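As structure tokens, the structure follows; a few thoughts come after it.
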Amino acid sequence: MQKIRVAVEKGEKWTIATAVDWPGWTRRSRGLETDTAVVTLITYATRYGQVLQEADLVQDLGFTLPTQPTDFDLIEQNQGDAKTDFGSPAVIPAAHREPISPAELPALQAILRACWQAFDRAAESASGQTLRTGPRGGGRTVAKMRLHLIESERAYVRKLACTAPNVKNLPPLDALAQTRQACLAALAQAVNEGLPEAGPRGGKLWPPRYFVHQLAWHTLDHAWEIEDRLG
């Protein structure tokens, strides 16, 4: 099999590994060992593959399950920051600064849709059930997770110099549908027309490929959180 390219970022507490060619396949591990972070990717490979399988993307995209660390190619290591130590990817790998061609766009949009479908399935499976909480009672409900995703996706849209939709008065499911559509439209615009040097208010923008990876990771992270807290 072709080796899976991986970028790693290290904070003081967490190491985060990202399969740079597979949006959403990003996981964290406690400590600073790169090998441990890569092994964590392996432990989530089946779950990630299932996300693609449910959307009939495995064959089209050529996804193959890794079985050992040597199936990965560590191409980049970066120093993380406070956000890394919060457990969230914070560093833009060089691989995610590579432009997206118009020909590649449909595949990336399909992966985003697959991740959204995975969250929706997880949320539906939790209907009428109570998610386990941590020892201090922490953890969002599914309803609060959905609202969190809406606000996050509105913020992501602005990272591509687009205006986030006003969904304040919409039911959550309708609001989520609109923010998702806005994400797809913003991505297409960024790929086909390019980005300005800065956002409307001078803020830093994201490379489109990084936008895809952040959006996919955040969606799957909460989908898998629901599954784990139900199990």
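The values are calculated or read from the model by the stated rules, or taken from the named source; none is laboratory data. Keep in mind the model is a prediction, meaning the values are calculated, not measured. Don't worry about glycine lacking a Cβ; one is built from the backbone with ideal geometry, like all the others, and counts go over all protein chains shown.
Give the residues of the stretch 36-88 that are surrounded by 13 or more Cβ atoms within 10 Å (Cβ to Cβ), modelled with pLDDT under 95 and in a loop (DSSP other than H, G, I, E, B), sorted by residue number.
Residues satisfying the conditions are GLY80, ASP81, PHE86, GLY87, SER88.
The conditions are (1) in contact (Cβ under 8 Å) with a residue 12 or more places away in the chain; (2) over 18 Å from ARG97 (Cβ atoms); (3) out of contact with any Leu (no Cβ under 8 Å at 6 or more places or on another chain), and ASN166 fails exactly one of them. Which is it?
The single condition ASN166 does not satisfy is (1).
If you go through the stretch 198-222 one residue at a time, how many are of a type in the set (A, V, I, L, M, F, W, C) and farther than 16 Å from LEU52 by Cα?
Restricting attention to the stretch 198-222, the residues satisfying the condition of being of a type in the set (A, V, I, L, M, F, W, C) are 198, 205-206, 211-212, 215-217, 220.
Cutting the leftovers down to farther than 16 Å from LEU52 by Cα gives us 198, 205-206, 211.
Qualifying residue count, the stretch 198-222: 4.
Can you tell me which of ILE111, ILE92 is in a loop (DSSP other than H, G, I, E, B) and in contact with a Pro (Cβ under 7 Å, 6 or more places away or on another chain)?
Answer to the check: ILE92.
Let's see how each residue does on (1) crowded, with 22+ Cβ neighbours inside 10 Å; (2) within 25 Å of ASP120 (Cα to Cα); (3) in contact with a Lys or Arg (Cβ under 6 Å, 6 or more places away or on another chain); (4) not assigned by TED's automatic domain parsing to the domain that holds LEU52:
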site	(1), (2), (3), (4)
ALA164	no, yes, yes, yes
LYS168	no, yes, no, yes
GLN178	no, yes, no, yes
LEU184	no, yes, no, yes
ASN192	no, no, no, yes
PRO200	no, no, no, yes
PRO207	no, no, yes, yes
VAL212	yes, yes, no, yes
LEU215	yes, yes, no, yes
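Check THR34, THR70, THR26, THR40 and return the single one that is hydroxyl-bearing (Ser, Thr, Tyr), under 22 Å from LYS3 (Cβ atoms) and in contact with a Leu (Cβ under 7 Å, 6 or more places away or on another chain). Even if it seems obvious, please write down each step before you answer.
Working: THR70 fails: in contact with a Leu (Cβ under 7 Å, 6 or more places away or on another chain); THR26 fails: in contact with a Leu (Cβ under 7 Å, 6 or more places away or on another chain); THR40 fails: in contact with a Leu (Cβ under 7 Å, 6 or more places away or on another chain).
Going through THR34, THR70, THR26, THR40 in turn, just one is hydroxyl-bearing (Ser, Thr, Tyr), under 22 Å from LYS3 (Cβ atoms) and in contact with a Leu (Cβ under 7 Å, 6 or more places away or on another chain): THR34.
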